[in-house]
Protein chains: 2
Amino acid sequence: MSTPPLHQLGARAAAKAIAAGTLRSQALMEALLARIDAREPVVRAWAHLDREEALRQAREADTRAASGALHGVPVGWKDIIDCAGLPTGCGSPIHRDRIAAQDAGAVAMSRHAGALVLGKTVTTEFAASHPGPTTHPMNPAHTPGGSSSGSAAAVADGMVPLAIGTQTGGSVIRPASFCGIVGFKPSHGLINRFGVKQLSDTFDTVGTFSRSVEDAAWLVSALTGRADLAPAQATRPASIALCRDSDWSEVEPPMLAAIEQAMSQLAGAGVQVRTLDLPPSFDGMGEAHKHIEYFELARALQPEYRGAREHLSAAIRGRIETGLALPPQAYEAALALRQDCQRQMTDLLAGVDLLLAPAAPGEAPQGLQSTGKATFNRLWTALGLPALTLPHSTGARGLPLGLQFIAGARRDAALLSHATWLEALFRRHP
Amino acid sequence: MSTPPLHQLGARAAAKAIAAGTLRSQALMEALLARIDAREPVVRAWAHLDREEALRQAREADTRAASGALHGVPVGWKDIIDCAGLPTGCGSPIHRDRIAAQDAGAVAMSRHAGALVLGKTVTTEFAASHPGPTTHPMNPAHTPGGSSSGSAAAVADGMVPLAIGTQTGGSVIRPASFCGIVGFKPSHGLINRFGVKQLSDTFDTVGTFSRSVEDAAWLVSALTGRADLAPAQATRPASIALCRDSDWSEVEPPMLAAIEQAMSQLAGAGVQVRTLDLPPSFDGMGEAHKHIEYFELARALQPEYRGAREHLSAAIRGRIETGLALPPQAYEAALALRQDCQRQMTDLLAGVDLLLAPAAPGEAPQGLQSTGKATFNRLWTALGLPALTLPHSTGARGLPLGLQFIAGARRDAALLSHATWLEALFRRHP
């Protein structure tokens, strides 16, 4: 059995080797920087990289005894999250040269666990729809998804073992699915958001990218300072319900096939599987999500809109203006519907461990003009429920298809433990 | 009838006079700066003032036609909220020299309505408990309350007609009550929080200080861009319930007397009044509030704790360390209790327009070592309900006593409209 190249090493495996003295953080960092040198001209995952500072952190980590679960392990941060001394460009010319004076709360937590900041990853403009330059690591003619485009592509391509993104619609789960990696959008508010550029206070959620569920659990445990979220035993879910909503017709045939295959894999492994068709009361949630997001981003982005309107894309300017024109009554009605649906979902989830849903309509679409649709992500973001995507199979173009698993409110630890089991199941029967 | 001095003019009255051409914004600003010159050595309400920039904004406003409801009106901003070009000192030596590159979302919204930034008002350290230098405008031996100490004192003293604060425990309602002005803590999330230093994501709420309900409504309407929150007709509430919880014994005799007097004023004016004793299921909310706040601030303040621990007060360091040591299970249990109580409160509020509660245990305590207790504020912050305090009477030391009115979830417009009626009632029968 040949040893995989160093840049493909998982985060926790690397941290263990560094703590054991069999790997130096500097060697890992050099391997990642070499991978970036080789691949970045095509993938374009990074918005800001300070190679010298990254190496300095690694050498410094090598001088200290391991102090946390991610000691000496580099992390990539979506470029809407403040990392002290680096710009927070937000995918916008307005912020291109704005150096963060201080770490975001989550960045400081990661350093406390020994992690290093490798650099900032490409985001769409303000984590909304206007795309950045990042391409799909497996086929540069395709989008890697977004808005956390660089984080997904960098982890998938072996440029960094871990990266952080945010999700307001489908910005963690969708790109992770497209790129064939593990994406975890925890419960709303689980990971601290201070120092993260805001789009929608009600929806914005910090999430993780990794190449294994175990690494996702170590990372979220570090970011939250919560030992109860560190990897636990793989647990078979007793029951999983395939959740279908009114947008179900948008699921593409390869994703339908992946879901059908997964349902029989699950049944074969002793999981009770059934189908849950969402009641019509959920039909308005797509529009409610849009109303809440636009109303809120119009206020959150008011400094840019007032001060530098000409440097905003037409896409985000349109959203801001739509949000400013939206009657407050429509916003309040959307918030009320969301709360109703949260209550209903609590009842629907009684007696089922997880819901299964597509992570995206299908494979990563061709072209870089759009990062794809958040159709099958918005509801879970809006309800604030923990969701995780696992790579399952590939589609007609040879690009990955991810399956999304959703747990009840604040059941993040249970979701991670079930996902560990599911990951092994899908790896055994690819 | 003599004309009151210019510095005592209300915000909306000033805006109307400026729009009508009978008052120049520059004259108003000069009157406020003169008041500050005279009183600031004792009151110490301001953390940062740029007189030249304030006058420049006023002169500039005078060259333009009135563009919004607060055209030409100066506002004070709590020094945890970013105002472009001014420091955001956060009441901490760590942030003393940190100049904000950009306005907070709420600041940008206020400028859109024509308001001017007068300066930054004193906050306790990170809007937590360690006090700043501000004194009570009516008696400098007493605290003005906190954490929004400077905002409350400046508005009460006529240094500025409007100011902004934040409330995580009782940091808007309590100082407003102590200083004898109107404090409004809207529904959680109503006013955008981007650019506001975070303590607890679950609780932090931006609120307002003014000398009338009408001015509060104009201000919150401007900050949210919502015409539906601008002053509406004064509406008599059909029913008000005095809400008593397990901390009721902490209400001091002068506040009890004020509440009793208000209950008979209300009954005399045709309002149905009754008493609501909170069920024992609410007894744990005080501790739950503390658990959530400490757990979250320990993560939000991790950058300061990691990078500059020696510049933190013992008080905030203790809270951070308590929050880091708190088991995640206790935090999750507190969040779950909060959600239960939110559901129960919805039922309890059925059939009643408003709840009445003390805004504080009594008058502003003597001494500047503490800003007083948030005992009667925490629950409403934790539940995210809109709360407003109105000056009612004075206590044994001649300092103000405020009464707090609370409405159901998202009923901010109704609360403002009822408060307009209540304010007139209490003014007629002082």
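We did not get these values from a lab; they are worked out from the coordinates using the rules stated. Just so we're clear, the structure is a prediction, and the values are computed from it rather than from any experiment. Because the Cβ atoms are built from the backbone with ideal geometry, glycine has one as well, and the counts that use them run over all protein chains shown.
Here are the numbers:
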item: Cα-centre dipole for the protein assembly as shown with unit charges at Cβ (Lys and Arg positive, Asp and Glu negative), debye to 20; result: 560 debye
item: Estimated D of chain A in µm² per second, where Rh is the Kirkwood radius over Cα pairs and Stokes-Einstein applies at 25 °C, 0.890 mPa s; result: 115 µm²/s
item: Region B:1-123 - percent relative contact order, Cα under 8 Å, separation 6 or more; result: 29 percent
item: 222 nm mean residue ellipticity, helices alone, for the protein assembly as shown (DSSP H n ≥ 4; -39,500 (n - 2.57); rounded to 500); result: -12500 deg cm²/dmol
item: Relative contact order %, chain B, counting alpha carbon pairs below 8 Å whose residues are six or more apart; result: 18 percent
item: Inverse of mean 1/r across different Cα pairs in region B:313-430, Kirkwood, Å; result: 16.8 Å
item: Per-copy distances of the A:ALA336 label point, shortest first, in nm (7 angstrom along Cα→Cβ); result: 3.0
item: Area projected by the alpha carbon convex hull of region A:55-185, averaged over all directions, nm²; result: 7.9 nm²
item: Whole-Å distance, taken between Cα centres, linking region B:110-159 and region A:265-283; result: 55 Å
item: Net dipole in debye of chain B [+1 Lys, Arg Cβ; -1 Asp, Glu Cβ; about Cα centre; nearest 20]; result: 640 debye
item: Semi-axis lengths (Å, descending) of the ellipsoid that matches the C-alpha gyration tensor of region B:171-242; result: 22, 16, 13
item: GNM flexibility winner over chain A from A:ALA100, A:ALA374, A:ALA336 (Cα, springs under 10 Å); result: A:ALA336
item: Highest-fluctuation residue, A:ALA396, A:ALA27, A:ALA45 considered, GNM on chain A with Cα pairs under 10 Å; result: A:ALA396
item: Percent of beta bridges antiparallel (DSSP, the protein assembly as shown, rounded to nearest 5); result: 60 percent
item: At 7 Å out from Cα toward Cβ: A:GLN366 inter-copy label distances (nm, ascending); result: 8.3
item: Percent breakdown of C-alpha pair distances by 10 Å bin, ordered from the shortest bin, for the protein assembly as shown; result: 3, 13, 23, 25, 19, 11, 5, 1, 0, 0
item: Three-way shape call for region B:166-285 based on the alpha-carbon gyration tensor, with the a/c threshold at 1.5; result: oblate
item: Kirkwood Rh in Å, taken over region A:1-116 so that all alpha-carbon pairs contribute; result: 15.0 Å
item: Check: region B:285-334 dipole with +1 on Lys, Arg Cβ and -1 on Asp, Glu Cβ, in debye; result: 140 debye
item: Exercise: per-residue mean of other protein chain Cβ atoms within 10 Å, B:300-311; result: 5
item: Nearest-first distances (nm) between copies at B:ARG306, label 7 Å from Cα via Cβ; result: 3.2
item: Span per principal axis, largest first, for the Cα atoms of region B:285-334 (Å); result: 32, 16, 14
item: Of A:LYS120/A:LYS185; A:LYS197/A:LYS373; A:LYS373/B:LYS197; A:LYS120/A:LYS290, pairs whose Cα-Cα distance is over 24 Å; result: A:LYS373/B:LYS197; A:LYS120/A:LYS290
